[in-house]
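Read the structure below first, then the notes.
The values are calculated or read from the model by the stated rules, or taken from the named source; none is laboratory data. Bear in mind the structure is a predicted one, so any value in this text is a computation, not a measurement. Cβ sites come from the backbone with ideal geometry, for glycine too, and all protein chains shown count toward neighbours. Calculation scope for accessible area: heavy atoms of the full protein, side chains included, ligands and nucleic acids excluded. Shrake-Rupley method; radii C 1.70, N 1.55, O 1.52, S 1.80 Å.
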Amino acid sequence: MFSLLSTASLLGAFTALLAIVFQAYLSSNELVRLTVILQHLRDLEVEYSVTDQVRVAIGYGSCGDLHVRAVDFLRYDENIGRALNTSEYTFGDIASEQEFLLNFAYYFQRGAAAERFTANREMFLNLVERAKKSSTAEHHWALGGNAPVIGTRMAIEGANVVLGAKMSSKLKTHLLPEVRLTGSLVEDDDIHLILEYNTGDTWGGLVSPRANRYILHNDHHNPLVSSLEEFEAALEGFDPDLFIVSGLQMMDNYVYREGVREARLDKVRQQLQAQSPHTRIHFEMASFVELQLLQLLMRNVLPFSDSIGMNEQELDNLQQVLETGRISLVADCNPRVAHSLDQARSVFALLNQPSDIVGRRPLSRMHLHTLAYQAFIVAKGSSWRHTKQAAAKASLTAHRHVCATNIVNPDAAYLQMDGSFAVSAKPSARRIHFENRNPVSCWEEIIPLAHESASQQRQSIDVEICVAPVLICKNAIQTVGAGDNISGAGLVLQI
């Protein structure tokens, strides 16, 4: 009996040892694989350099970002769980703290990025003060706003940047000296409360499927695009190679006097139309929940943009608005490549349909940034360059920003993409196999354009599509600003 027990114990120990050795072998192989992928992404990234001869103008607005870890700061109570079980709370304008908590819970459990306005200034300032004084959650301040963050990234990469924003003298100290601020100084900055969370974070009975952030704001400068006129004056003689439009989501659900928002967006349109033909225009999408605002953007901004950048939530929202006239509040936070490319093709085709809008620019570039991959669609024959290299740079920038490091460590990363991916969800779509030594996959396609009239001759656009895997940061330090840094890094190599 003793002998049998000893033999069983030895077999058990041997099996456990084999499992440990096998796991170590797999881990070692995966580390080697990630190292090879990283080296080849890096080779692509540094293939072309950027000089200060590249001129970039970017608007609009800025803010001070107050970062706090969501699950350490927010108090969960059972009423939230019960309310979520009976209804989905997707408020646009957050009127109370209960609505705020319910809205946060809705996006947290889906791992989806969200940005929401509250007109309740007293509640907002109370939350800010609590975050600053919390004994359970550490906080820190950072320069915020799409325009300053994208502009900073492009300046770091070597571009000559002019920024259309107003900020306080204190916030300006966070701005790189290489970024020229055109707006006047203000006494009080708009503040954004940034609630960060990581993969697997729990809040009450809710679990986050991926790292992301929820942003709450009560802006007063940004919704009025108050920096526009001073920005306009500073652009005289600058002659930018690239003009970036961002921050317009701050107009979402803000209460305006009649006609004010339309008038401000009309001035944005005039500024875009005033750019020379050789100046490319990029529109950075964001989290929009108000259909009327998106419809205004489709009249005043999108027709005059050569390029658009977005994440998976924003792509789904834009597609739904274009195809159905309805807002999409949340989408799959980890979409498959095939599904995203089908959505991107649809949006690309719809935004390139023939139009009688005066001064309209054909859309020639789309950049989709997701947790797992970067995807670019660029029209053949357009002036956008180095798409493959830009995809690699965007991918590495994603890891560096989220891990808050300048060095990509393969041991701190993982891949979510499979060994191959389908280029479309259609039944006979071809598959592209992932190559460690050629990690950015590029191919050419023809995207047909749909027309309302069957009598019109069928037209199409020849494009290049590139998909790059992201070496996902295992321990996310910061997710806010990731999209802005990724977009800036992708753009800087293509102008």
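Quick rundown of the values:
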{"read-out": "Between the range 192-237 and the range 361-385, the alpha-carbon center distance in angstrom", "value": "24"}
{"read-out": "Value of D in µm² per second that Stokes-Einstein yields for the range 116-238, Kirkwood Rh from Cα pairs, at 20 °C (1.002 mPa s)", "value": "129"}
{"read-out": "Computed P(r) (all Cα pairs; the chain; 10 Å bins; percent)", "value": "4, 19, 29, 26, 14, 4, 2, 1, 0, 0"}
{"read-out": "Zone residues, the range 29-66, relative to Glu435, backbone N less than 19 Å from point 7 Å out along Cα-to-Cβ", "value": "33-47"}
{"read-out": "Protein accessible area in the chain, 1.4 Å probe - carbon and sulfur %", "value": "51"}
{"read-out": "Per-selection metrics, the range 46-189 (Cα): Rg and Dmax in Å", "value": "18.9, 58"}
{"read-out": "Surface per residue (accessible, 1.4 Å probe) for the range 155-308, Å²", "value": "38"}
{"read-out": "For the range 290-442, alpha-carbon Rg and Dmax in angstrom", "value": "16.7, 53"}
{"read-out": "D_trans [Stokes-Einstein, Kirkwood Rh over alpha-carbon pairs] for the range 121-168, 25 °C, 0.890 mPa s, µm² s⁻¹", "value": "184"}
{"read-out": "Considering only the chain, percent of DSSP beta bridges that pair antiparallel, nearest 5", "value": "55"}
{"read-out": "Point-to-point label distance, Asp462-Met298, nm (Cα→Cβ direction, 7 Å offset)", "value": "3.1"}
{"read-out": "Net lengthening on full extension, Thr35/Ser428 (0.36 nm per residue, minus Cα-Cα)", "value": "138.1 nm"}
{"read-out": "Convex hull per residue volume in Å³, alpha carbons only, for the range 189-346", "value": "153"}
{"read-out": "Net length gained if the chain between Ala95 and Asp72 were fully extended (0.36 nm per residue, minus Cα distance)", "value": "6.0 nm"}
{"read-out": "Principal semi-axes in Å for the range 355-491 [√(5λ), Cα gyration tensor, largest first]", "value": "32, 19, 12"}
{"read-out": "Isolated Cys residues of the chain, judged by Cβ distance under 4.7 Å to other cysteines", "value": "Cys63, Cys333"}
{"read-out": "Quarter of Cα convex hull surface for the range 44-130, i.e. mean projection, nm²", "value": "9.6"}
{"read-out": "Whole-Å semi-axes of the ellipsoid equivalent to the range 223-290 (Cα gyration tensor, √5λ, descending)", "value": "23, 14, 10"}
